[in-house]
Amino acid sequence: MSVMTHLGFRAAIGMVMRSLDKEMYADYIQYETTRRIRSHLSNFEHTTPGGVGAATVGEEGHTTFMSEACTNSFWSRPFAVGCHRRMGDIWRPDRPVNVEELRLVFQLLEEDWVAY
C-alpha cells in the first residue's frame with residue numbers, strides 16, 4: 001500500500017477537488033457535500049478484507065471497532081475539521097407555511113381520505 005493511500009492523501013485530494021465544484025445557491029459546494037466522499041471511502045474500505053480490525057464490546061452491548069481505513073489516519077480528522085472551518089455550511093431553512101396554504105393541504109388530504 002502506498003503512503004498516499006495509507007495516510008488518506010487520495011481521500012483528501014478528492015475532497016479538495018470536489019470542493020471546487022459549483023453549487024446551485026453558491027459559488028462552491030458546502031462542506032457536507034465534500035464530507036460524503038470521505039464517508040463513502042471509509043464505508044467502502046470497511047467492506048474489504050482487513051478493513052475492520054479487532055472489536056471490543058463494552059457496557060450495554062456497545063461495540064467499538066478498530067479500523068485501518070485511510071480516512072482514520074492520524075491527520076485525517078484534523079484535515080476534515082480544517083476543511084469544515086474554512087468552507088462552512090450554507091444553511092437554507094425551509095420557508096414557513098402560511099395559514100392559507102395549510103388549509104389547502106388539509107382540504108386536499110380530506111378529499112383523498114373521502115375518496116378512499
Within a Gaussian network of the chain (alpha carbon springs, distance under 10 Å), most fluctuating of 61, 53, 88: 61
Among 20, 104, 41: highest mean-square fluctuation, GNM of the chain, C-alpha pairs under 10 Å: 104
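May I ask you to list the chymotrypsin sites (Phe, Trp or Tyr not before Pro) in region 36-76 that are in a DSSP loop and have at most 12 other Cβ atoms within 10 Å of their Cβ?
Passing both the DSSP loop test and the Cβ count: 74, 75.
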Choice from 11, 26, 80 with maximal GNM fluctuation in the chain (Cα, 10 Å cutoff): 26
Percent of Cα pairs exceeding the 16 Å cut-off, where the set is the chain: 72
Relative contact order %, region 27-102, counting alpha carbon pairs below 8 Å whose residues are six or more apart: 31
Kirkwood estimate for region 9-60, i.e. one over the average of 1/r between Cα atoms, Å: 13.1
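Throughout, read-outs are computed from the coordinates displayed, never taken from laboratory work. The structure presented is a predicted model; accordingly, all values stated were derived computationally and were not measured. Glycine gets a Cβ as well: all are built from the backbone with ideal geometry, and neighbour counts include every protein chain shown.
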